[in-house]
1. Could you give the size of the charge dipole of the stretch 1-155 about its Cα centre, using +1 on the Cβ of each K and R and -1 on the Cβ of each D and E, expressed in debye and rounded to the nearest 20?
2. What do you get for Rg/Rh of the stretch 139-225 when both radii come from the Cα atoms and Rh is the Kirkwood radius?
3. Among Leu71, Ala47, Gln22, pick out the residue whose Cα is farthest towards the positive end of the charge dipole of the stretch 1-77, where Lys and Arg carry +1 and Asp and Glu carry -1 on C-beta, about the Cα centre.
4. Test of the criteria: in the stretch 379-437, which GluC sites (Glu not before Pro) are in a DSSP loop and have at most 11 other Cβ atoms within 10 angstrom of their Cβ?
5. Taking a probe of 1.4 Å, how large is the accessible area per residue of the stretch 29-79, in Å²?
6. Gain in length, Lys312 to Asp384, computed as 0.36 nm per residue apart minus the alpha-carbon separation, to one decimal in nm?
7. Can you give the convex hull volume of the alpha carbon atoms of the stretch 1-63 per residue, in Å³?
8. For a test of the definition: using alpha carbon positions, the gyration tensor, and the 1.5 limit on a/c, classify the stretch 1-114 as rounded, prolate or oblate.
Amino acid sequence: MAERYWQKEIETASREEIRAIQDERLVKTVKHVYDNVEMYRKRMDEAGIRPEDIKSVDDLKKLPFTTKQDLRDYYPYGLFAVPTKDVVRLHASSGTTGKQIVVGYTQNDLDVWADIAARQLYAVGADENDFIHVAYGYGLFTGGFGLHGGAGRIGATAIPVSSGNTDRQITILQDFGSTVLCCTPSYAMYIAEQIKAKGIDPKTLSLKAGIFGAEPWTEEMRHQIEEMLDIKAYDVYGLTEIMGPCVSYECSAQTGMHVNEDHFIVEAIDPETEEVLPYGVPGELVFTCISKECCPFIRYRTRDIGVLTVDKCSCGRTFVKMTKPKGRTDDMLIIRGVNVFPSQIETVLLRMGYSPNYKIYVDRVNNTDTLLIHVEMNEDMFSDTVAKIKEHEKALEAELRSLLGIGADVKLVSPGSIERSMGKAKRVEDKRKLIGG
Ligand code: DLL
């Protein structure tokens, strides 16, 4: 298949060319925030850094980090670098804890966003002939409007279904001829389950690809969705603070996501020492916006753990690639001193032939952390004897122990009994946190 590019010149530019664009845009952005955002001016003055000291990407490490707490402290508009008369859109994210954060976009910011979402759509093989079924939520969440903007930019037909009402999603998939499905991977899985339950053969649908992100998901889950929906499933990454979806986008290679480096500089840092790590070493991803007008955050700490690589990609694109983030530092569970990511548990379940429908319960009993995982049994296990089910549970527990390095209790529950999510899945209930422990 001939490769297609939305903006081939930049997407396949040499590393030197990309670097030159970043140098120029970084210098401009630093001056912009120094002149217009009190927090950055204060922090740079305190650190004795003048905007003129930042001459290239090499100087980036001199600049202070920005955190989610900063967005909360300057809520709602305190970090905007343009007057509100120039702001044409607001989005917000509530996250799982704390006050929501608000970001603004100028018209130019929205145009850039549509461009990078268009890159994602082209990278999965979509063009003006496609029907883009957007089942991410529309509203203050960035998912719906983000992919929608990209669909318009490539001249495809956007179907703004938003999330929820799964029966209607399926009717639309059937009747409107959706070719690309955009939603969270957990919702894609639920849609796939419902399609199966209704006895619909996925081959009778026009779907060919899915663009799934907004939450961590494993390779195993990718394979399962691809098989159940008979599509190629692509990952997409982004966050409200930096733009929304499509900060980075997956291509035909399906081995990680290219960061749109003409708009964002990405670094991986050691979350403890804050030192910048070399390519190939897992670290906390940090993004600097270099083309945004309203909210060009500098060195924003995402809390997402990923690995950056610059190896030549088979698709021809030259932007740095990031792996699927395996989780956030603040979603990481520390159980009896051992770091556990929900995605590790998901890997084991799917490898053992279970569905990715599970719920993790963490508690503290007699000063010891407990880990209990509810997993849905497969339809064919449902008629098994109690003793047989116990055997399945024991087998899963052994596998989990060997991967996680700590023991976990597994309870197999009936198929369909774990609550499904139409947006980001909530997989963990940490009762230790509820009691302030
Ligand atoms: O989730 C933006 C988005 C919408 C991305 C639609 C992709 C598709 P927030 O609600 O601000 O924004 O959440 C951002 O979600 O820091 C990650 O922890 C997580 N996340 C996003 N994409 C992925 C992904 C949107 N592909 C937070 N893999 C980020 C793993 C992801 N985690």
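The values are calculated or read from the model by the stated rules, or taken from the named source; none is laboratory data. Because the structure is predicted, anything quoted here is derived from the model rather than measured. So basically every Cβ, Gly included, is an ideal-geometry build from the backbone, and we count neighbours across all protein chains shown. Protein only, heavy atoms only, side chains kept; ligands, DNA and RNA dropped before computing areas. Shrake-Rupley method; radii C 1.70, N 1.55, O 1.52, S 1.80 Å.
1. Working: 21 positive and 24 negative charges, 107 e Å.
That gives a dipole near 520 debye.
2. 0.94
3. Leu71
4. Glu419
5. Per-residue value: 53 Å².
6. Using 0.36 nm per residue and subtracting the Cα-Cα distance, I get 20.9 nm.
7. 107
8. Cα axes put the stretch 1-114 in the oblate bin.
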